Amino acid sequence: MSTTTYVFGILSALAVLAVVTEMLRRRRVRERHALWWTIAGILALVVAVFPDLLISTARAVGIEVPLNLGFFLALLLLFLVTVQQGTELTSLEEKTRLLAESVALLDERLERHEPSGVRHAPRDPGQDDTAPGGPTGHDA
(Lines give C-alpha, C1' and ligand atoms only; values in the text may rest on other atoms or scores of the structure.)
Protein backbone atom coordinates (compact mmCIF):
# COMPACT_ATOMS: atom_id res chain seq x y z
CA MET A 1 0.00 0.00 0.00
CA SER A 2 1.39 3.39 -0.93
CA THR A 3 1.76 6.22 1.56
CA THR A 4 -0.76 8.29 -0.39
CA THR A 5 -3.41 5.56 -0.14
CA TYR A 6 -2.68 5.10 3.56
CA VAL A 7 -3.03 8.83 4.30
CA PHE A 8 -6.12 9.14 2.08
CA GLY A 9 -7.83 6.30 3.97
CA ILE A 10 -7.11 7.89 7.34
CA LEU A 11 -8.24 11.36 6.19
CA SER A 12 -11.42 9.93 4.67
CA ALA A 13 -12.35 8.13 7.88
CA LEU A 14 -11.62 11.26 9.93
CA ALA A 15 -13.75 13.30 7.52
CA VAL A 16 -16.70 10.92 8.02
CA LEU A 17 -16.36 11.20 11.79
CA ALA A 18 -16.05 15.00 11.58
CA VAL A 19 -19.15 15.33 9.40
CA VAL A 20 -21.22 13.10 11.69
CA THR A 21 -20.00 14.99 14.76
CA GLU A 22 -20.79 18.36 13.18
CA MET A 23 -24.25 17.20 12.13
CA LEU A 24 -24.89 16.04 15.70
CA ARG A 25 -23.63 19.34 17.07
CA ARG A 26 -25.92 21.35 14.78
CA ARG A 27 -28.82 19.02 15.57
CA ARG A 28 -29.20 18.09 11.90
CA VAL A 29 -29.27 14.41 12.87
CA ARG A 30 -30.30 12.66 16.08
CA GLU A 31 -27.99 10.41 18.07
CA ARG A 32 -29.80 7.20 17.21
CA HIS A 33 -29.45 7.97 13.49
CA ALA A 34 -25.79 8.90 13.78
CA LEU A 35 -24.90 5.71 15.65
CA TRP A 36 -24.38 3.53 12.57
CA TRP A 37 -22.43 6.25 10.74
CA THR A 38 -20.19 6.73 13.77
CA ILE A 39 -19.57 2.98 13.91
CA ALA A 40 -18.76 3.00 10.19
CA GLY A 41 -16.35 5.91 10.63
CA ILE A 42 -14.58 4.22 13.54
CA LEU A 43 -14.28 0.92 11.63
CA ALA A 44 -12.99 2.77 8.58
CA LEU A 45 -10.41 4.57 10.74
CA VAL A 46 -9.27 1.30 12.35
CA VAL A 47 -8.92 -0.36 8.93
CA ALA A 48 -7.15 2.71 7.52
CA VAL A 49 -4.64 2.79 10.37
CA PHE A 50 -4.17 -1.00 10.48
CA PRO A 51 -4.79 -2.26 6.91
CA ASP A 52 -3.37 -5.71 7.74
CA LEU A 53 -6.31 -6.17 10.13
CA LEU A 54 -8.73 -6.36 7.17
CA ILE A 55 -6.45 -8.83 5.40
CA SER A 56 -6.11 -11.12 8.42
CA THR A 57 -9.85 -10.89 9.21
CA ALA A 58 -10.71 -11.79 5.61
CA ARG A 59 -8.41 -14.81 5.74
CA ALA A 60 -9.88 -15.88 9.10
CA VAL A 61 -13.42 -15.97 7.72
CA GLY A 62 -12.34 -17.54 4.44
CA ILE A 63 -12.69 -14.57 2.09
CA GLU A 64 -10.05 -14.51 -0.66
CA VAL A 65 -10.11 -10.80 -1.45
CA PRO A 66 -10.02 -8.51 1.63
CA LEU A 67 -11.83 -5.74 -0.24
CA ASN A 68 -14.83 -8.07 -0.60
CA LEU A 69 -15.04 -8.20 3.20
CA GLY A 70 -15.03 -4.39 3.22
CA PHE A 71 -17.84 -4.27 0.68
CA PHE A 72 -19.81 -6.88 2.62
CA LEU A 73 -19.48 -4.89 5.85
CA ALA A 74 -20.53 -1.69 4.05
CA LEU A 75 -23.56 -3.49 2.60
CA LEU A 76 -24.43 -4.82 6.05
CA LEU A 77 -24.19 -1.32 7.50
CA LEU A 78 -26.49 0.09 4.80
CA PHE A 79 -28.96 -2.73 5.45
CA LEU A 80 -29.03 -1.92 9.18
CA VAL A 81 -29.54 1.79 8.47
CA THR A 82 -32.38 0.95 6.08
CA VAL A 83 -34.09 -1.30 8.64
CA GLN A 84 -33.80 1.39 11.32
CA GLN A 85 -35.21 4.06 8.99
CA GLY A 86 -38.02 1.73 7.90
CA THR A 87 -39.12 1.00 11.45
CA GLU A 88 -39.10 4.69 12.34
CA LEU A 89 -41.04 5.56 9.19
CA THR A 90 -43.67 2.95 10.03
CA SER A 91 -43.99 4.33 13.55
CA LEU A 92 -44.31 7.92 12.30
CA GLU A 93 -46.93 6.91 9.71
CA GLU A 94 -49.00 5.31 12.48
CA LYS A 95 -48.69 8.42 14.67
CA THR A 96 -49.68 10.64 11.72
CA ARG A 97 -52.74 8.49 11.02
CA LEU A 98 -53.81 8.65 14.68
CA LEU A 99 -53.34 12.43 14.73
CA ALA A 100 -55.40 12.85 11.56
CA GLU A 101 -58.20 10.73 13.03
CA SER A 102 -58.11 12.72 16.26
CA VAL A 103 -58.30 16.04 14.40
CA ALA A 104 -61.20 14.75 12.30
CA LEU A 105 -63.09 13.72 15.45
CA LEU A 106 -62.45 17.12 17.05
CA ASP A 107 -63.64 18.90 13.88
CA GLU A 108 -66.82 16.82 13.90
CA ARG A 109 -67.44 17.62 17.57
CA LEU A 110 -66.88 21.33 16.89
CA GLU A 111 -69.32 21.23 13.96
CA ARG A 112 -72.01 19.72 16.21
CA HIS A 113 -71.59 22.39 18.89
CA GLU A 114 -71.43 25.46 16.61
CA PRO A 115 -74.03 26.47 14.07
CA SER A 116 -72.69 25.96 10.57
CA GLY A 117 -72.57 29.67 9.64
CA VAL A 118 -70.77 30.85 12.78
CA ARG A 119 -67.36 29.30 12.17
CA HIS A 120 -64.67 31.90 12.73
CA ALA A 121 -61.83 32.32 10.31
CA PRO A 122 -58.37 32.32 11.88
CA ARG A 123 -57.33 35.85 12.82
CA ASP A 124 -54.30 37.39 11.10
CA PRO A 125 -51.74 38.01 13.88
CA GLY A 126 -50.56 41.18 12.11
CA GLN A 127 -54.06 42.68 12.01
CA ASP A 128 -54.58 45.82 14.12
CA ASP A 129 -57.74 45.64 16.27
CA THR A 130 -58.09 49.46 16.33
CA ALA A 131 -57.90 50.00 12.56
CA PRO A 132 -61.07 50.65 10.56
CA GLY A 133 -62.41 47.36 9.31
CA GLY A 134 -60.69 45.64 12.28
CA PRO A 135 -61.77 42.32 13.77
CA THR A 136 -65.49 43.02 13.30
CA GLY A 137 -65.05 43.39 9.57
CA HIS A 138 -66.77 46.79 9.20
CA ASP A 139 -65.93 50.45 9.77
CA ALA A 140 -67.01 52.17 12.99
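In the range 80-95, the residues that are among the polar types (S, T, N, Q) and surrounded by fewer than 11 Cβ atoms within 10 Å (Cβ to Cβ) form no Cβ pair under 8 Å with any partner that is at pLDDT 95 or above and outside any helix (DSSP H, G or I), whether six or more places apart or across chains.
Scoring Ile63 on the criteria (1) farther than 20 Å from Thr3 by Cα; (2) part of a helix (DSSP H, G or I) leaves a single failure, condition (2). Within the range 56-72, the residues that satisfy the criterion of being surrounded by 16 or more Cβ atoms within 10 Å (Cβ to Cβ) and under 21 Å from Phe8 (Cα atoms) are Pro66, Leu69, Gly70.
Among the candidates Leu98, Leu110, the residue that is at pLDDT 95 or above and surrounded by 10 or more Cβ atoms within 10 Å (Cβ to Cβ) is uniquely Leu98.
Within the range 26-44, identify whether any single residue is farther than 20 Å from Leu80 by Cα and part of a helix (DSSP H, G or I), and answer yes or no. No, the range 26-44 contains no residue that is farther than 20 Å from Leu80 by Cα and part of a helix (DSSP H, G or I).
The values are calculated or read from the model by the stated rules, or taken from the named source; none is laboratory data. Since this is a predicted model, take the numbers as computed values, not measurements. So basically every Cβ, Gly included, is an ideal-geometry build from the backbone, and we count neighbours across all protein chains shown.
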